[in-house]
Amino acid sequence: MSDAQTGLAGVLWDMDGTLLDSEKMWDVAVRELSLHLGGPMTEETRLKTIGASSANALGVIFDALGLDRDPAALAEAKEWMFTRVEELFGDGIPWRPGAHDALQTVRAHGLRSALVTNTERRLTERALETLGRHHFDHSVCGDEVPAGKPHPDPYLRGAELLGLDPSQCLAIEDSPTGAASAQAAGCVVLVVPCEIAVADAPGRVFRDSLEGLTGSDLVDLWAQRSGVRL
């Protein structure tokens with residue numbers, strides 16, 4: 001279905017920092033990995049990893065520590081990081097404020113829904129145990145597209161799986177990396193910041209929280225930047 005007035009037909013959800021308060025768990029894992037590899041992580045380095053694909057995040061960490069990007073070393077570091085995140089996810093992943101109700105609102109409004117994350121499938125499946133697979137028609141993970149966020153591929157694939165043009169979709173994001181990806185794909189982007197500020201830009205609308213989000217809000221937010229007049 002789509003909204004009869006506007007053509008809004010789908011919502012594409014980021015996961016870490018948008019639906020789940022999992023960035024704090026990633027923070028623990030990447031900081032511990034940095035120590036494991038030889039030194040503490042600076043705040044500048046940490047900010048560069050937020051919203052990044054695992055490959056990009058590992059590259060940032062290796063560069064900050066002055067390590068060669070040896071493929072074997074990167075693979076070992078990735079496995080170390082993923083194992084640590086799985087341990088942290090195993091204790092339960094808290095929701096972001098209003099996120100669970102927002103997922104239900106999208107369904108109640110008759111919109112299609114897809115999860116679009118830079119996190120790889122292995123860890124996304126663990127997170128879906130908290131999120132509930134029934135909230136999504138499809139999911140797209142960082143290891144299932146040619147290039148992860150900030151490239152447009154994840155959101156292009158998400159819209160494709162829903163059978164929609166990206167312009168019919170509202171992407172919900174928390175990070176500059178994710179917002180850039182969704183915008184490059186042609187989606188209207190609702191930004192709900194979590195760990196770091198996201199700059200304003202054409203095609204982006206902002207909201208402090210997902211709490212109290214209604215179906216009418218979704219339509220209005222999408223229409224603000226889509227060029228559709230209600």
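The values are calculated or read from the model by the stated rules, or taken from the named source; none is laboratory data. What you see is a predicted model; the values in this text were computed from it and never measured. In this analysis, Cβ positions are derived from the backbone assuming ideal geometry, glycine residues included, and neighbour counts consider all displayed protein chains.
For region 191-216, taking the residues that are surrounded by 16 or more Cβ atoms within 10 Å (Cβ to Cβ) and free of Cβ contacts under 8 Å to residues at least 40 places away in the same chain, the one that is nearest to ARG96 (Cα to Cα) is identified as PRO193.
Scanning region 188-198 for residues that are at pLDDT 95 or above and assigned to a loop (DSSP other than H, G, I, E, B) yields a single hit, VAL192.
Of all residues in region 27-66, those satisfying the criterion of being part of a loop (DSSP other than H, G, I, E, B) and surrounded by 16 or more Cβ atoms within 10 Å (Cβ to Cβ) are MET41, ILE50, GLY51, ALA52, SER53.
If only residues of region 33-42 that are closer than 18 Å to ALA75 by Cβ and of a type outside the set (S, T, N, Q) are counted, the one that is farthest from the chain's Cα centre (by Cα) is GLY38.
Filtering region 68-122 to residues that are loosely packed, with under 12 Cβ neighbours inside 10 Å and either touching a Phe, Trp or Tyr at 6+ places or on another chain (Cβ under 9 Å) or within 19 Å of VAL140 (Cβ to Cβ) (or both) leaves ASP68, ARG69, ASP70.
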